[in-house]
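The block underneath contains the structure these notes are about, expressed in C-alpha cells.
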Amino acid sequence: MTDQNFLQQWNEININEPAPETEPSRQYYFMKKCKVLLEEKTQELGRKLTCCAVTFGCQMNAKDSEKLLGILENIGFVATESEDADFIIYNTCTVRENANLKVYGRLGYLKNKKKKNPNMMIALCGCMMQEPEVVSKIKESYRFVDLVFGTHNIYKLAELLYQRLNENKMVVDILDGTDNIVEDLPAERKYSFKAGVNIMFGCNNFCTYCIVPYVRGRERSRNPKDIIREIEALVADGVVEVMLLGQNVNSYGKNLEEKITFAQLLQEVEKIEGLERIRFMTSHPKDLSDELIEVMKHSKKICNHMHLPVQSGSDRILNRMNRKYTKEHYLNLVNKLKESIPNISLTTDIIVGFPGETEEDFLETLDLVEKVGYDTAYTFIYSKRTGTPAAKMENQVPEDVVKDRFDRLLKTIQTISKEKTYAYEGTDQLVLVEGVSEHDSAYVTGRLSNNLLVHFKADSELIGKLVNVHLDEAKGFYYIGHQC
Ligand code: 5AD
Ligand code: SF4
C-alpha cells in the first residue's frame, strides 16, 4: 500500500464507533485502539515501549515477522533486536523436532525476564502453534505467555493484543485453515533495498515427511494484480530486488479464477520499471515447466539461481516420500536448465535417514549430488513429525547410521561447492551491496546473482546499489574482491 492509501485508511477510522467487519479496516481500527492504550502506558512509564520479533525457520516466517513488526510499530512500539523488549514475539517453526525444542528452551529464559519486567508481554505464533498438542502444553506449563496465534491469523495481531490488554488472561486464537488473504496491512522491512513478497500460501503436496501442509493449510495464490501493486510500491520506496515466496511457486495461479502460470507472473514482474533483480523460492521439481525455463533464459532480471529441493536420489525413497518424480526426471530437468541458462547456480535440500533408506538408496543420493554439481545443498537429518504418514513407517534408520551418512554427504557437497566457487575467481560480477561486512567495517558485503557473497573495500554509501566487482580470491564459500 502506498503511504497515501495508508494515511487515508488510518484517518477514516473512528474508534468511537463499533469495529468494522471488513478487513483490513478492522485491523486498522484495533491498531488505533491499541495505540491509545499504549500512549497511556508510555505516559505512565515516561518512556517508549519496545517490541522484538524473533524468527525461527524459513523465509516465509521472516516475511510474516515483518508484517508483525509493521503492525506493532503502527501501534506505537519501537522495534529493537533485544529480547529485553516490552513486547516479544516468537514466530515459530515446526518443520523439524529440534525447532520446537529450541522454542521451549527459550521460553524458560523469557519467564525470568518477565519476572523482572512486569510490563513485558510474550506472544507465540507461527507453524508450531498450529499443532494442538503444543497449544495444550503452553496452556498448561507456560501460563506466563500472553498471546498465542497461528499461521492463518497473523494479520489479526492488533485485535488479539487489544483483547489481551482488556482481559487479564492468555488469549489463544488458532484457525484450522482459511481461504482468506488479507491485503494492504503495514510491514516493517528489514532491508530498504530488497524485500520478500508472498505470491502464495500453503501447500497441497503432502510429502510424507512434511508437516507444512498441516500447519500452513491448502494452497492459495494471491491475485497477480495485488502482487504487482505491492512490488510497484516497494520499488517506489527504493527496493531493487524482490524474492517471490511460496512453498511451491511452480503451482502458482492454479486455484485462481483467472488462470495464470508462475512463468506468466514472472513476465509481469519483469516489466516493473526500476526493479533490477527477481528471485523466487521454492520450486518443486514435479511442477517445473519448460515455460519457466524459457522465461528465465530470456529474462534480464531473474537471478541466475534455482533452488530445487531433491530430498533424495533414490526412486524408491522418492516414491515413499510422495515426491512424484524420479531421479531420471530430476536429472533431465537439471540438464535442461544447464543447457538453457549457462552457469546457472543450483542449490537443493536433501533429507538423510528417511524411514527405510538403505545404503544403496543413500549411494543413489551421493551419485545424484555428484552428477548435478550443486553450488550449495542444505542437508537435514530426517525428523519424525507426529501426524505425517512417514512417522508411522517402519524401518526408521538407526541414529549412528544416519550420522555417518550425513557426514559423508556433507563432505561430498563441500568438495563440490568449493570447486564451484573457485570457478568464478578472477571474473567481474554485478553485485547488490547488502551491508557493511561483519568482519571488517572498511568492507561491504555484496551478493552475486548466483547468491554467493563477496566482501570488498568500499563506503557504506554503496548499500542498496548494484556495482561491478572483480572477484580476486575465492575463500571457500565467499569471495574477496574489489570494485571495478
Ligand atoms: N525432517 C527433516 N527435514 C525436513 N524437511 C521438511 N520436513 C522435514 C523432516 N520431517 C526439509 C526438507 C524441506 C526443507 C525446508 O526442510 O528438505 O525441503
Ligand atoms: Fe513440505 Fe513437500 Fe510442501 Fe515442500 S512441497 S512444503 S516439502 S509438503
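Computed quantities for the displayed model
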| item | result |
| --- | --- |
| The chain: relative contact order as a whole-number percent, Cα under 8 Å and 6+ apart | 9 percent |
| Surface/4 of the Cα convex hull for the range 201-355, nm² | 9.5 nm² |
| Relative contact order (%) - criterion: Cα under 8 Å, at least six apart; region: the range 250-297 | 41 percent |
| Peptides 339-345, 448-454, 88-94, 316-322 ordered by average Cβ neighbours within 10 Å, highest first | 88-94, 448-454, 316-322, 339-345 |
| q = 0.11, 0.14, 0.21, 0.24 Å⁻¹, the range 53-163: log10 I(q)/I(0) [Debye, one scatterer per Cα] | -0.31, -0.51, -1.26, -1.67 |
| P(r) histogram, all alpha-carbon pairs of the range 330-440 included - 10 Å bins from 0, percent | 11, 34, 30, 18, 7, 0 |
| Packing-based ranking, highest mean first, of 131-138, 64-71 given that Cβ atoms within 10 Å are counted | 64-71, 131-138 |
| Calculated [θ] (222 nm, deg cm²/dmol) that DSSP helices of n ≥ 4 give over the chain, each run adding -39,500 (n - 2.57) | -12000 deg cm²/dmol |
| Per the chain, cysteines lacking a partner by the 4.7 Å Cβ criterion | Cys34, Cys51, Cys52, Cys58, Cys93, Cys125, Cys127, Cys203, Cys303, Cys484 |
| Semi-axes of the equivalent ellipsoid for the range 385-484, Cα gyration tensor, largest first, Å | 39, 17, 12 |
| Hydrodynamic radius by Kirkwood, which averages 1/r over all alpha carbon pairs of the range 275-327, in angstrom | 12.6 Å |
| Distance between the range 194-243 and the range 377-443 - C-alpha centres, whole angstrom | 24 Å |
| Share of pairwise Cα separations in the range 395-443, more than 16 Å, in percent | 68 percent |
| Around Glu241: net Lys/Arg minus Asp/Glu count, Cβ-Cβ under 11 Å | +3 |
| Pairs of Cα atoms farther than 29 Å apart, the chain, % | 55 percent |
| Dipole axis of the chain (+1 Lys, Arg; -1 Asp, Glu on Cβ), positive-most option in Ala236, His152, Ile199 | His152 |
| Alpha carbon convex hull of the range 56-117, volume per residue in cubic angstrom | 77 Å³ |
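Where a number appears in this text, it was derived from the coordinates with a stated rule and is not lab data. Values in this document were obtained by computation on a predicted structure and should not be read as measured data. For neighbour counting, all protein chains shown are included, and Cβ atoms are generated from backbone atoms with ideal geometry for every residue, glycine included.
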